[in-house]
Amino acid sequence: MTIKITGTGSALPEKKVTNFDLQELVETSDEWIRERTGIAERRISTGDTVATLSAKACSKALEMAGKTAEEVDLILVATCSPEMLLPCCACQVQDIIGASNAAAFDLNAACSGFLFALNTAYVYMQAGIYKNALVIGSEVLSKLVDWSDRGTCVLFGDGAGAAFVEASAEDIFRDNGRKVSMECMVQGSDGTKGMVLSCAERSVDNAFIAEKQTISPYIQMNGQEVYKFATRQVPACIHEALDKAGITVEDVDMFVLHQANVRIIESVAKRLKADISKFPMNLDKIGNMSSATIPVLLDELNRGGRIQGGDRIVMSGFGAGLTYGATVIVW
Ligand code: UT7
């Protein structure tokens with residue numbers, strides 16, 4: 001049996017917000033943001049929602065895969081910024097694209113969300129429960145950001161990426177002899193460090209509570225703690241995944257990492273002793289879009305012809321929770 005990604009798609013809001021635009025809002029500079037993060041601009045929604053961006057990305061992924069929405073078995077949306085608690089975003093996407101035969105639900109593992117959703121879809125297919133899935137990472141983080149907090153507002157952007165994943169009965173081997181597959185996945189969480197990157201929803205409030213609590217509805221972050229976690233945990237979980245798959249860093253053609261900070265990606269490359277040219281990046285143009293960063297980059301690489309059949313790709317991410325993961329696939 002082969003499980004493979006046969007279509008990718010992405011959608012970004014039209015509005016570009018540059019570092020110079022942010023200089024008008026908070027005490028910061030283009031130089032500081034570029035040097036500390038690698039980000040120059042990001043896309044910010046002026047009306048797009050997590051569901052509408054997801055639906056646009058899905059339509060493109062389905063078109064590439066040559067499938068209709070009615071053929072979709074499962075829709076998984078990874079998001080930490082849905083506009084609606086009920087219905088879930090995946091059901092909204094189902095409605096917009098007309099995927100009337102799909103089961104649909106959301107999953108929240110923050111920036112690791114797309115990987116966790118992709119892994120979930122693979123496992124469903126390996127178990128023979130579904131034949132295909134639309135896996136989406138989508139965020140409108142701009143509504144969760146405190147635009148007067150320079151420590152966070154310069155980092156994030158909005159967007160969505162989708163992958164259509166299909167199972168087929170026969171094995172598929174590429175010209176380089178590699179079998180198309182998911183070779184390995186590693187997922188992990190450390191809830192004890194949850195509050196280093198958090199965002200509150202409504203607190204407990206009902207007719208029987210006299211004292212109302214006031215909580216900030218915005219993202220709160222200890223950037224340095226997240227930085228330390230990422231630079232330690234990402235290389236560790238990539239090594240764990242490669243060991244499980246019985247391969248080494250040299251056997252990997254490309255590392256598609258969560259796009260949070262160019263310094264984090266460079267540090268991961270250094271710790272893995274891997275050539276930085278194997279770490280494509282697009283965060284300069286779109287910033288950190290949490291669960292959407294990996295699928296948007298994957299789509300950019302795929303459509304740009306930078307991924308060839310038989311390439312071994314490691315996808316890895318980290319984020320609030322704290323969560324982390326690494327998945328090894330042969331394209
Ligand atoms: O998907 C996961 C999401 N989170 C992350 O990826 C966060 C990971 N962490 C980071 O990327 C980095 O920690 C940041 C980019 C957030 C911050 O970089 P840093 O090198 O760790 O800076 P810092 O927090 O140590 O702050 C250094 C200085 C401080 O000023 P003082 O105390 O030295 O006077 C900050 O107040 O930079 C100041 N600062 C800023 N200055 C200009 C913080 N934000 C800004 C800003 N512009 N936007």
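Quick notes
- Strands (runs of 3 or more DSSP E) wholly inside the stretch 1-63 that include at least 1 residues being more than 12 Å from SER138 (Cβ to Cβ) and of a type in the set (Gly, Ala, Ser): 2-11
- Among the residues of the stretch 249-281, those identified as touching a Leu at 6+ places or on another chain (Cβ under 9 Å), within 25 Å of SER10 (Cα to Cα) and away from the ligand (no atom under 16 Å from the Cβ) are VAL252, MET254, PHE255, PRO280.
- Taking residues in the stretch 192-213 that are charged (D, E, K, R), and partners anywhere that are within 16 Å of the ligand (Cβ to nearest atom), the pairs with Cβ atoms closer than 6 Å and at least 6 places apart or on different chains are LYS193/LEU322.
- For the stretch 25-69, a residue qualifies if it is surrounded by fewer than 19 Cβ atoms within 10 Å (Cβ to Cβ), within 13 Å of the ligand (Cβ to nearest atom) and not basic (Lys, Arg), and the qualifying residues are LEU25, VAL26, GLU27, THR28, SER29, ASP30, GLU31, TRP32, GLU35.
- Considering residues of the stretch 152-197 that are in a loop (DSSP other than H, G, I, E, B) and touching a strand residue (DSSP E or B) at 6+ places or on another chain (Cβ under 6 Å) only, the residue surrounded by the most Cβ atoms within 10 Å (Cβ to Cβ): GLY157
- Condition check for VAL252: touching a residue at least 60 places away in the same chain (Cβ under 8 Å) and more than 21 Å from CYS111 (Cα to Cα): yes
- If you go through the stretch 292-305 and pick out every residue that is crowded, with 16+ Cβ neighbours inside 10 Å and out of contact with any Ser or Thr (no Cβ under 6 Å at 6 or more places or on another chain), you end up with 6.
- Scanning the stretch 1-36 for residues being touching a strand residue (DSSP E or B) at 6+ places or on another chain (Cβ under 8 Å), at pLDDT 95 or above and among the hydroxyl-bearing types (Ser, Thr, Tyr) gives a total of 4.
- Selection within the stretch 135-181 - more than 12 Å from the ligand (Cβ to nearest atom) and of a type in the set (Ser, Thr, Tyr): SER138, SER142, SER168, SER181
- Enumeration of residues in the stretch 70-106 that are buried (at least 20 other Cβ atoms within 10 Å of the Cβ), assigned to a strand (DSSP E or B) and in contact with a helix residue (DSSP H, G or I) (Cβ under 6 Å, 6 or more places away or on another chain): ILE75, LEU76, VAL77, ALA78, ALA104, ASP106
- Of the residues in the stretch 96-116, not one is farther than 14 Å from GLU70 by Cα, of a type in the set (Gly, Ala, Ser) and away from the ligand (no atom under 16 Å from the Cβ).
- Where THR37 falls short, out of the listed (1) touching a residue at least 40 places away in the same chain (Cβ under 8 Å); (2) farther than 30 Å from THR231 by Cβ; (3) not hydrophobic (A, V, I, L, M, F, W, C): (2)
- Enumeration of residues in the stretch 151-167 that are touching a Cys at 6+ places or on another chain (Cβ under 9 Å) and more than 20 Å from ALA260 (Cβ to Cβ): ALA162, PHE164
- Some residue of the stretch 282-297 being within 16 Å of the ligand (Cβ to nearest atom), touching a residue at least 40 places away in the same chain (Cβ under 8 Å), among the hydroxyl-bearing types (Ser, Thr, Tyr) and part of a strand (DSSP E or B): no
The values are calculated or read from the model by the stated rules, or taken from the named source; none is laboratory data. Here the structure is a predicted model, which is why all the values come from computation and not from measurement. Note that we place each Cβ from the backbone using ideal geometry, even for glycine, and neighbour counts take in every protein chain shown.
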